[in-house]
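What follows is a single structure, written as structure tokens, with notes after it.
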Amino acid sequence: MTVADESIARFRALHIPGDPLILVNIWDAGSAKAVAAAGAKAIATGSYGVAGAQGRADGEVFPLADVFKNLARILSVTDLPVTIDMESGYGDDPASVGASVAQARAAGAAGINMEDRLPGRNDLLPIAEAQARYRAAADTGIFVNARCDVFRGADAAKDGERLVAAVIERARAYADAGAGSLFVPFLGDPRCIGAICEASPLPVNILRAKAGPTHAELAALGVARISHGHQPWAAAMAWLTGQAQQVLGGAEPDY
């Protein structure tokens, strides 16, 4: 087994329903070191924070070459498995997605996060099209966290049963494509989370939200991975802005 294969296998093994992998998403080598020092089992980037840290917008505006330069710097400071957010896969078709993801694997990433809608689009890709893109990514051998945006902008309280069914339909297609886990963001309803965890053929990743279930509650529902997305970056920037306002306003900082 190569070093790359070992890292991927190590990362895959961390996805245990009921004992979730906690990912405090980072944006650069410095934030990776801070999270690793806190006892993280793996390192995950979030595209929003990575782009924001360079003064850029999210949505594949951050060039792919820069994504891999950032990855190289992160890998230089940690031996933990690193998964990177590749947004929609950086490709107009499955073949180009596969080529982009193959570069990520060759660069040392153990996993990727990939969406089932294109940058700047609100509508989800047709299932067959999304499945083909996920298959191209998974065929590289990397661990693919297949993001499913069914709940984005939806009302779980009103349409939960229908939305869960739509997620499970996609989960089966993405599992058949070789994805390693299913990421369902924008969902905080415990009943829907539990139903998805029970029926999904893939271990389930949920985005932690202040108004949603706690880490312990998510574990009890069967979640296998908990992400924090852009929230750590946003909190760090809010803290920095607040401290700057204090200092520039004539007050002493808290640091």
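The values are calculated or read from the model by the stated rules, or taken from the named source; none is laboratory data. Just so it is clear, the structure is predicted and the values come from calculations on it, not from any experiment. Counting neighbours? That spans all protein chains shown, and the Cβs are built from the backbone with ideal geometry, glycine included. Ligands, DNA and RNA are stripped out before the accessible areas are found, and what is left, the full protein with its side chains, is counted by its heavy atoms. Shrake-Rupley method; radii C 1.70, N 1.55, O 1.52, S 1.80 Å.
Let me spell it out: the conditions are (1) touching a Phe, Trp or Tyr at 6+ places or on another chain (Cβ under 9 Å); (2) at pLDDT below 95, and PHE62 meets all of them except one. Which number is the exception?
Here PHE62 clears every test but (1).
Identify the residue in the range 36-53 that is aliphatic (A, V, I, L, M) and in contact with a helix residue (DSSP H, G or I) (Cβ under 8 Å, 6 or more places away or on another chain) and, among all such residues, is nearest to MET86 (Cα to Cα).
The qualifying residue nearest to MET86 (Cα to Cα) is VAL50.
Only one of (1) assigned to a helix (DSSP H, G or I); (2) of a type outside the set (Asp, Glu); (3) open to solvent by less than 10 Å² (accessible area, probe 1.4 Å); (4) touching a residue at least 60 places away in the same chain (Cβ under 8 Å) fails for ASN145. Which number is that?
ASN145 satisfies every listed condition except (1).
Can you pull out every residue in the range 1-23 that is at negative phi, open to solvent by less than 60 Å² (accessible area, probe 1.4 Å) and part of a loop (DSSP other than H, G, I, E, B)?
Once the filter is applied, which keeps residues that are at negative phi, open to solvent by less than 60 Å² (accessible area, probe 1.4 Å) and part of a loop (DSSP other than H, G, I, E, B), the range 1-23 yields LEU14, HIS15, PRO20.
How many residues are at negative phi and either open to solvent by less than 20 Å² (accessible area, probe 1.4 Å) or outside any helix (DSSP H, G or I) (or both) if we restrict to the range 92-115?
Number of matching residues: 14.
From the set of residues in the range 44-59 that are in a loop (DSSP other than H, G, I, E, B) and of a type in the set (Gly, Ala, Ser), which is modelled with the highest pLDDT?
The qualifying residue modelled with the highest pLDDT is GLY46.
Quick check on my filter: what residues within the range 238-255 are part of a helix (DSSP H, G or I) and either open to solvent by 70 Å² or more (accessible area, probe 1.4 Å) or within 30 Å of PRO203 (Cβ to Cβ) (or both)?
TRP239, LEU240, THR241, GLN245, LEU248
Of the residues LYS41, LYS33, LYS69, which is in a loop (DSSP other than H, G, I, E, B) and at pLDDT 95 or above?
Exactly one of LYS41, LYS33, LYS69 is in a loop (DSSP other than H, G, I, E, B) and at pLDDT 95 or above, namely LYS41.
So, in the range 192-220, exactly how many residues are open to solvent by 40 Å² or more (accessible area, probe 1.4 Å), in a loop (DSSP other than H, G, I, E, B) and modelled with pLDDT of 95 or more?
The qualifying residues number 3.
What pairs come out if I take residues in the range 189-217 that are more than 25 Å from PHE143 (Cβ to Cβ) and pair them with residues that are of a type in the set (D, E, K, R) and open to solvent by 40 Å² or more (accessible area, probe 1.4 Å) whose C-beta lies under 7 Å away, six or more apart or interchain?
That search, which allows pairs on different chains as well, returns PRO190/GLU217.
Every residue, every condition in (1) surrounded by 15 or more Cβ atoms within 10 Å (Cβ to Cβ); (2) closer than 18 Å to GLU6 by Cα; (3) small (Gly, Ala, Ser), yes or no:
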| residue | (1), (2), (3) |
| --- | --- |
| TYR48 | yes, no, no |
| GLY52 | yes, no, yes |
| GLY55 | no, no, yes |
| GLY59 | yes, no, yes |
| PHE68 | yes, no, no |
| ARG73 | no, no, no |
| VAL82 | yes, yes, no |
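Does PRO81 satisfy the condition of being under 19 Å from PHE183 (Cα atoms) and either among the hydrophobic types (A, V, I, L, M, F, W, C) or modelled with pLDDT of 95 or more (or both)?
yes
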